[in-house]
Amino acid sequence: MKKLMLVAILAGGMLTLSTLIFAGEIQIGTVQNAEEKVPIYAYYAYSNSQQIYLKPEINITHPITINKIRFYYHSGSNLANSNEWTIYLGHTSKNEFVSGTDWIPLTYFTKVFEGNISSYIPGTNHQWMEIPLSTTFTYNNIDNLVVTVDENTSGSDNTTYWGAFPAPSKFPPMRALYCISSTDDINPLAPGPGTRTSQLNAIQLGYEEIPNPVELTSFLASISNDCYVTLSWTTQSETEMSGYYILRNNQRELSYAQTISPLIAATNTSGTQIYNFVDNELNEVGQYFYWLQCVNLDGSFEFHGPIVIYFNPYNYETPGIPIVTKLGSAYPNPFNPNVYIPYTLGAKANVNIQIYNSRGQQIKSYYLGTKDIGHYQIMWNGKDNNGHYCDSGIYYIIMKAGEEVYKQKAVLMK
Ligand SMILES: [Ca+2]
């Protein structure tokens with residue numbers, strides 16, 4: 001059983017996914033006017049419209065996956081001849097339509113609804129009309145949003161009004177464009193010349209909850225007696241998770257941190273799950289930063305951390321835990337040409353350290369004399385007793401403390 005010598009806990013305590021997304025609704029625009037032309041112009045047999053909603057109006061902090069749209073049904077007919085709608089959502093960098101032919105091509109739009117909206121018409125005036133989308137659309141929260149509605153039922157209805165904004169101004173930006181036909185069903189891919197208006201529909205967008213793939217409740221690092229760093233993390237629920245990677249850097253900089261673990265497979269259990277990964281590659285004294293990468297099945301991922309530890313295997317002073325005599329792991333390993341050899345003494349002892357090559361020849365000796373209880377290290381400069389640099393290869397480090405003998409090895413790699 002390893003005793004924990006040091007525990008570093010992430011500042012801030014409990015972690016949750018930074019991109020946690022809840023189901024929600026947003027409204028764009030406040031109903032100020034009654035507008036007959038958009039999204040559909042019921043007084044004419046066929047109509048088609050595009051409206052641009054600006055990113056600041058949408059005013060969200062992260063991308064959302066839209067799954068319903070509501071238009072404000074102000075007043076008018078039951079749309080008996082205006083009920084076959086096709087709705088497209090898309091992105092644009094445009095802020096307005098500069099002419100009656102400045103349609104935004106539907107090439108990259110998503111057809112989110114196609115069908116009869118009769119059942120969605122509110123029973124009374126001045127209500128929101130909710131249309132559930134058959135295909136969701138993820139708004140990127142970078143561009144502006146375009147809503148296109150194409151009406152395909154032959155015949156016309158009495159004028160029908162929709163809630164709109166803003167209040168009229170003298171030089172309003174023209175962010176809506178519509179066209180009508182009394183005879184021909186309009187092709188939304190090539191609508192023909194239309195008319196611009198500054199009156200946009202007030203709309204509401206519903207967006208779906210994206211299940212939180214993992215809830216992480218802790219991410220800890222500890223250093224054991226044998227100088228290994230153990231990273232452990234606890235999850236409360238996992239769905240659609242592929243697994244985890246541990247990354248490390250000696251600076252607080254994720255962009256060039258090194259991935260030091262294989263993919264540690266997730267269990268995808270709903271209960272508490274504890275994971276551990278042991279980093280046994282540290283050998284240089286210093287600060288180390290660790291990150292946990294959570295990888296979802298779809299390949300998307302999140303980083304957590306960093307947590308920081310100070311690694312100094314030669315300077316443990318833990319009250320109540322007696323230190324034992326041992327020869328520590330040489331570092332760095334492989335080395336060239338200098339290598340540090342740590343050791344601790346649990347009792348006062350006469351200490352010698354000898355270094356042997358792979359042929360069993362003693363090539364370097366340190367007669368260190370009598371030492372008190374404590375932590376020590378020596379540095380070997382890679383030279384033999386004659387002052388010559390040694391060749392690449394495995395070297396055995398033998399420490400004699402009193403009557404006890406301890407052994408380690410290190411690789412000189414030039
Ligand atoms: Ca019609």
For N268, only one of the following conditions fails: (1) among the polar types (S, T, N, Q); (2) modelled with pLDDT of 90 or more; (3) on the phi > 0 side of the Ramachandran plot. What is its number? (2)
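Those residues that are hydrophobic (A, V, I, L, M, F, W, C) and within 16 Å of the ligand (Cβ to nearest atom), I need them from the range 124-151; list them, please. Walk me through it before giving the result.
The initial filter retains those residues of the range 124-151 that are hydrophobic (A, V, I, L, M, F, W, C), namely 128-129, 131, 133, 137, 142, 145-147, 149.
Within the range 124-151, V149 is the sole residue that qualifies.
May I ask you to verify whether Q236 is polar (S, T, N, Q), at pLDDT 95 or above, assigned to a strand (DSSP E or B) and more than 16 Å from the ligand (Cβ to nearest atom)?
Details: polar (S, T, N, Q): yes; at pLDDT 95 or above: no; assigned to a strand (DSSP E or B): yes; more than 16 Å from the ligand (Cβ to nearest atom): yes.
Considered against the rule, which asks whether it is polar (S, T, N, Q), at pLDDT 95 or above, assigned to a strand (DSSP E or B) and more than 16 Å from the ligand (Cβ to nearest atom), Q236 comes out as no.
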A190 outside any loop (DSSP other than H, G, I, E, B), away from the ligand (no atom under 16 Å from the Cβ) and over 31 Å from the mean Cα position of the chain (by Cα): no
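Name the single residue that is modelled with the highest pLDDT among those in the range 1-35 being among the charged types (D, E, K, R) and surrounded by fewer than 20 Cβ atoms within 10 Å (Cβ to Cβ).
The residue in question is E25.
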Which strands (runs of 3 or more DSSP E) sit wholly inside the range 37-109 and have at least 2 residues that are under 25 Å from T124 (Cα atoms) and away from the ligand (no atom under 13 Å from the Cβ)? 64-75
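Conditions tested, residue by residue: (1) crowded, with 17+ Cβ neighbours inside 10 Å; (2) in contact with a Phe, Trp or Tyr (Cβ under 8 Å, 6 or more places away or on another chain); (3) part of a strand (DSSP E or B); (4) not assigned by TED's automatic domain parsing to the domain that holds L220.
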{"site": "I246", "(1), (2), (3), (4)": "yes, yes, yes, no"}
{"site": "R252", "(1), (2), (3), (4)": "no, yes, no, no"}
{"site": "S255", "(1), (2), (3), (4)": "no, no, no, no"}
{"site": "S261", "(1), (2), (3), (4)": "yes, yes, no, no"}
{"site": "S270", "(1), (2), (3), (4)": "no, no, no, no"}
{"site": "V278", "(1), (2), (3), (4)": "no, yes, yes, no"}
{"site": "Q287", "(1), (2), (3), (4)": "no, yes, yes, no"}
{"site": "L292", "(1), (2), (3), (4)": "yes, yes, yes, no"}
Can you give me the number of residues within the range 272-303 that are under 22 Å from the mean Cα position of the chain (by Cα) and of a type outside the set (S, T, Y)? 17
Given (1) more than 16 Å from the ligand (Cβ to nearest atom); (2) over 22 Å from G194 (Cβ atoms); (3) surrounded by fewer than 20 Cβ atoms within 10 Å (Cβ to Cβ), identify the lone condition not met by I121. (1)
I'd like to check something: does the range 94-105 contain any residue that is at pLDDT 80 or above and touching a helix residue (DSSP H, G or I) at 6+ places or on another chain (Cβ under 9 Å)? no
Return the total of residues in the range 34-88 being within 39 Å of the chain's Cα centre (by Cα) and among the charged types (D, E, K, R). 4
Which one is modelled with the highest pLDDT among residues in the range 351-392 that are surrounded by 13 or more Cβ atoms within 10 Å (Cβ to Cβ) and at positive phi? G382
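Being assigned to a strand (DSSP E or B), under 42 Å from the mean Cα position of the chain (by Cα), surrounded by 13 or more Cβ atoms within 10 Å (Cβ to Cβ) and not assigned by TED's automatic domain parsing to the domain that holds L231 narrows it down to one residue among P306, P342; which is it?
Values: P306 fails: not assigned by TED's automatic domain parsing to the domain that holds L231.
Exactly one of P306, P342 is assigned to a strand (DSSP E or B), under 42 Å from the mean Cα position of the chain (by Cα), surrounded by 13 or more Cβ atoms within 10 Å (Cβ to Cβ) and not assigned by TED's automatic domain parsing to the domain that holds L231, namely P342.
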May I ask you to list the residues in the range 152-174 that are more than 11 Å from the ligand (Cβ to nearest atom), within 24 Å of L79 (Cβ to Cβ) and under 43 Å from the mean Cα position of the chain (by Cα)? W162, G163, A164, F165
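The values are calculated or read from the model by the stated rules, or taken from the named source; none is laboratory data. Note that the structure is a prediction, hence the values are computed from the model and not measured. Reconstructed Cβ throughout: ideal geometry from the backbone, glycine too, with neighbour counts over all protein chains shown.
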